[in-house]
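Just below is one structure, and these are the notes that go with it.
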Amino acid sequence: EKAGHKHFMSKEIAEQPTVISDALSYYLSSDGAGINLPEDGIDFTAFDRIVMVACGTAFFACFTAKYWLEQIARIPVEVDVASEFRYREAPIAPRTLAIFVSQSGETADTLAALRYVAGKADKIVTITNSAESSMARESDLSLPILAGVEVGVASTKAFTCQLTVLLALAIEAASQRGVLARDEVKTHLSALRALPGLINAALDLRDDIDAISQELAEATDVLFLGRGAIYPIALEGALKLKEISYIHAEGYASGELKHGPIALVDTHTPIIVFAPRDKLFDKTVSNMQEVMARGGKVILVSDKTGIADAGDDVWRTIEMPRVSDAIAPILYALPAQLIAYHTAVAKGTDVDQPRNLAKSVTVE
Ligand code: F6R
């Protein structure tokens, strides 16, 4: 049942090219020129803002989508974790679309948050891996992520499928609202179609990441840095590492480093920097130099040009394929997962059933 893998998590990481292809076939129209949504779909011209709520890894999918929906579709997005959102009595303005993301569709806090917005938001959409779930039933529209059954407690393929669906929504929103020209929409859609192949290429980095993970397994604290839409991926990398290897890890926006966390940096601290060669890359390089000047061991995850431009003081590098800005967060989720997985295996922890955690958190 693990198809030759040692753990479900490893199998589920390896399944990502296939399940993302499944999601793309469902959401991309057969002529490749647009996005198809089930039932009545979503009329993005009917909303002035979006509220997105979820827990854990699903929350980081929402946080990534905030960057996409704001930058690509120009819609203001508020994101929050469900345990806070449900109690903070947020006013819901007219013309608000509410989106909930949940692999299980049963997470107690997310379901309560959904019930809070019922009757207040104009439309409730759930993005879920369980079409029969409570959240799917209580929404106006339920969008499947088509990840298949996820057994490992640490979410992997559900996360990248959630991201794929959310990016498709951002492109659809931009297209409906006339923010993107037709050829720009086409460029985004062909980038989406290239995803499974690129994810396969990222999976080839397994052995390199395994080697680095042997060294990471000795660490007591690890920092993850990222900027823009990659910042939520740094948060996800830190969550994944904590969950399954029990190593203390923190994710930070690269630019926040000097506002406190840099005090943690010494010669024992690995700092994992997710930095595709995008327009913010130079800023990230200067953040990296601040860390290296204090003896911090930087593991740079970037593409060929990024690695060449980063200089020689970087401790280790992981060379990713070159990708467009929009799909980079989905691709960079792979090294985040693989680092956590191989570090946990090196430490000998129970990868599929980490201590104190449950797959679905149906109590508050
Ligand atoms: C982390 C993880 C959890 C879940 C969270 C939400 O690897 O799996 O953080 O993402 O408990 O679960 P769902 O998506 O079922 O609402």
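The values are calculated or read from the model by the stated rules, or taken from the named source; none is laboratory data. Predicted model only: the values in this text are computed from it and were never measured. Every residue, glycine as well, gets a Cβ built from its backbone with ideal geometry; the counts of neighbours run over all protein chains shown. Just so you know, the surface numbers come from the protein's heavy atoms only, side chains and all, with ligands and any DNA or RNA stripped out. Shrake-Rupley method; radii C 1.70, N 1.55, O 1.52, S 1.80 Å.
Key figures
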{"quantity": "Filtered residue count, region 256-284, keeping only those that are open to solvent by less than 30 Å² (accessible area, probe 1.4 Å) and small (G, A, S)", "calculated": "1"}
{"quantity": "Breaking point among (1) open to solvent by 30 Å² or more (accessible area, probe 1.4 Å); (2) within 14 Å of the ligand (Cβ to nearest atom), for A113", "calculated": "(1)"}
{"quantity": "Of all residues in region 294-332 being of a type outside the set (A, V, I, L, M), in contact with a strand residue (DSSP E or B) (Cβ under 8 Å, 6 or more places away or on another chain) and part of a helix (DSSP H, G or I), the one that is nearest to A229 (Cα to Cα)", "calculated": "Y332"}
{"quantity": "Matching residues in region 59-79 - criterion: being of a type outside the set (A, V, I, L, M, F, W, C) and either within 14 Å of the ligand (Cβ to nearest atom) or part of a helix (DSSP H, G or I) (or both)", "calculated": "T64, K66, Y67, E70, Q71"}
{"quantity": "Pairs with Cβ under 6 Å, 6+ apart, first in region 285-297 and of a type in the set (A, V, I, L, M, F, W, C), second open to solvent by 50 Å² or more (accessible area, probe 1.4 Å)", "calculated": "M292/D313"}
{"quantity": "Residue within region 103-118 that is of a type in the set (S, T, Y), within 21 Å of S175 (Cβ to Cβ) and touching a residue at least 40 places away in the same chain (Cβ under 8 Å) present", "calculated": "no"}
{"quantity": "In region 340-349, the residues that are farther than 23 Å from L166 by Cβ and not in a loop (DSSP other than H, G, I, E, B)", "calculated": "Y341, H342, T343, A344, V345, A346, K347"}
{"quantity": "Of all residues in region 152-161 being over 14 Å from I327 (Cβ atoms) and either open to solvent by less than 10 Å² (accessible area, probe 1.4 Å) or not in a loop (DSSP other than H, G, I, E, B) (or both), the one that is nearest to the ligand (Cβ to nearest atom)", "calculated": "A154"}
{"quantity": "Unmet criterion (only one of (1) under 20 Å from the mean Cα position of the chain (by Cα); (2) within 22 Å of A358 (Cα to Cα); (3) of a type in the set (D, E, K, R); (4) away from the ligand (no atom under 16 Å from the Cβ)) for K2", "calculated": "(1)"}
{"quantity": "Of all residues making up region 121-151, the number that are open to solvent by 20 Å² or more (accessible area, probe 1.4 Å), under 17 Å from A23 (Cα atoms) and within 14 Å of the ligand (Cβ to nearest atom)", "calculated": "6"}
{"quantity": "Residue list for region 167-224, filter: among the hydrophobic types (A, V, I, L, M, F, W, C) and part of a loop (DSSP other than H, G, I, E, B)", "calculated": "V179, L180, A181, A194, L205, A217, A219"}
{"quantity": "Residue list for region 225-255, restricted to those being within 16 Å of the ligand (Cβ to nearest atom), part of a helix (DSSP H, G or I), open to solvent by 10 Å² or more (accessible area, probe 1.4 Å) and not acidic (D, E)", "calculated": "L235, L239, K242"}
{"quantity": "Whichever residue in region 91-107 is among the polar types (S, T, N, Q) and within 7 Å of the ligand (Cβ to nearest atom) and, among such residues, is surrounded by the most Cβ atoms within 10 Å (Cβ to Cβ)", "calculated": "S102"}
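Okay, residues lined up against (1) within 19 Å of F159 (Cα to Cα); (2) of a type in the set (D, E); (3) touching a helix residue (DSSP H, G or I) at 6+ places or on another chain (Cβ under 7 Å):
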{"position": "E236", "(1), (2), (3)": "yes, yes, yes"}
{"position": "K240", "(1), (2), (3)": "yes, no, yes"}
{"position": "I247", "(1), (2), (3)": "no, no, yes"}
{"position": "I330", "(1), (2), (3)": "yes, no, yes"}
{"position": "A336", "(1), (2), (3)": "yes, no, yes"}
{"position": "A340", "(1), (2), (3)": "yes, no, yes"}
